Each structure stands twice: as structure tokens, then as C-alpha cells.
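Have a look at the structure below before the remarks.
Read-outs: derived from the displayed coordinates by stated rules, not from any lab. All figures in this text were calculated on a predicted structure; none of them were measured in a lab. Reconstructed Cβ throughout: ideal geometry from the backbone, glycine too, with neighbour counts over all protein chains shown.
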Amino acid sequence: MKYDIYNIEMTETSQIIGEMSEKRKVSTIDWDTFDKITNLDTQEFFRCFGGEEIAEKRMTCAGLQVVKLTSINPDNTFRKVRTFNFKVK
């Protein structure tokens, strides 16, 4: 696969809306996991339940990719922001 030459670092920030505290987790993910998280079908699936999915794309060393994915639950009380950083192995 042509994308095997990239390491993808995912920073996941979780926050209850209206509170200042947040949890942050950094992990390295593979291309398949990145594709499952950022796939348009996945985003549409969560939107069907009333949630909000906002994907921000930019040019990276891996081409035009999602670099930030913001998810808000249907009752608008919880937000999860995932940022992706691409690096050549």
C-alpha cells in the first residue's frame, strides 16, 4: 500500500461542553484505523443519530487528508476533537 511509509500521530481531546477541563491522549495509528475514523460513511452514520461531525482537510505529506475531526454528541454536551499529524517513516 502506498501509505505504508507514513506514521500517523493522533491527538484525541475529550471535553464536556461548558467545562474547562479536558482529557488528552496521544497515540500512533495505522492507515486502516485512520481510514475507518475519517471515512465519509462513518461520518454520515454518526450524523444519522443527530450528532455533528466536522472534518477539516489540508494538504499534508500524504496528500489532501483530514487533519482535524470534531465530533459532538446528539445532546450537545460532549465534544471530541481528533487531530492527525502525518510523518514519513
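Observations
- Calculated mean residue ellipticity at 222 nm for the chain: -5500 deg cm²/dmol, from DSSP H runs with n ≥ 4 weighted as -39500 (n - 2.57), summed, divided by the residue count and rounded to 500.
- Computed log10 I(q)/I(0) for the chain at 0.18 Å⁻¹: -0.82, from the Debye equation with unit scatterers placed on every C-alpha and solvent omitted.
- Positive minus negative residues near residue 23 (Lys, Arg vs Asp, Glu; Cβ under 14 Å): +2
- Cβ crowding within 10 Å ranks 59, 10, 20 as 20, 59, 10, fewest other Cβ atoms first.
- The count of lysine pairs in the chain whose Cα atoms are under 20 Å apart, excluding pairs fewer than 8 places apart on the same chain, comes to 19.
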